[in-house]
Amino acid sequence: MNPDDLDIRCPRLGSSVGFGYCRTCGDGQSPCFKIFDCWWERFDVTAYFKDRLSEEEFMQLAMSRPKPKISSLLELIEQARRNAVDGGTD
């Protein structure tokens, strides 16, 4: 069985996605922070990553959590401010 052939409904996107997408949709092409929560019922996703990642990389993935909403909003506000300043100088 190739996990990349499997699909599930993504609780974040609300549509069907393949395991390959979940493996690379995070920051810097890293796995989604919810990958263990979503895939554990379909196959042994823990063993899959333990076989492919170093112990340190696995622990980082296992402990990963999304940024708090307020942090994300503040980053978006700051990005909008920078874009407004950069756009106003042309």
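The values are calculated or read from the model by the stated rules, or taken from the named source; none is laboratory data. The shown structure was predicted, so the numbers you read here are calculated from the model rather than taken from an experiment. Reconstructed Cβ throughout: ideal geometry from the backbone, glycine too, with neighbour counts over all protein chains shown.
Checking each residue in region 5-23 for being at pLDDT below 90 and surrounded by 12 or more Cβ atoms within 10 Å (Cβ to Cβ) picks out only ARG12. How many of the residues making up region 27-55 are of a type in the set (Lys, Arg) and touching a residue at least 24 places away in the same chain (Cβ under 8 Å)? Within region 27-55, residues that are of a type in the set (Lys, Arg) and touching a residue at least 24 places away in the same chain (Cβ under 8 Å) number 1. In region 24-44, the qualifying residues are those that are of a type in the set (D, E, K, R) and more than 14 Å from ASN2 (Cα to Cα), and the one that is modelled with the lowest pLDDT is ASP27. Among the residues of region 34-90, those that are under 18 Å from the mean Cα position of the chain (by Cα), of a type in the set (Lys, Arg) and exposed (fewer than 11 other Cβ atoms within 10 Å of the Cβ) comprise ARG52, ARG65, LYS69. The requirement of being at pLDDT 90 or above and of a type outside the set (A, V, I, L, M, F, W, C) is fulfilled nowhere in region 62-77; no residue meets it. Only one of the numbered conditions (1) at pLDDT below 90; (2) over 20 Å from ARG9 (Cα atoms); (3) not basic (Lys, Arg) is not met by LEU53, and that is (1).
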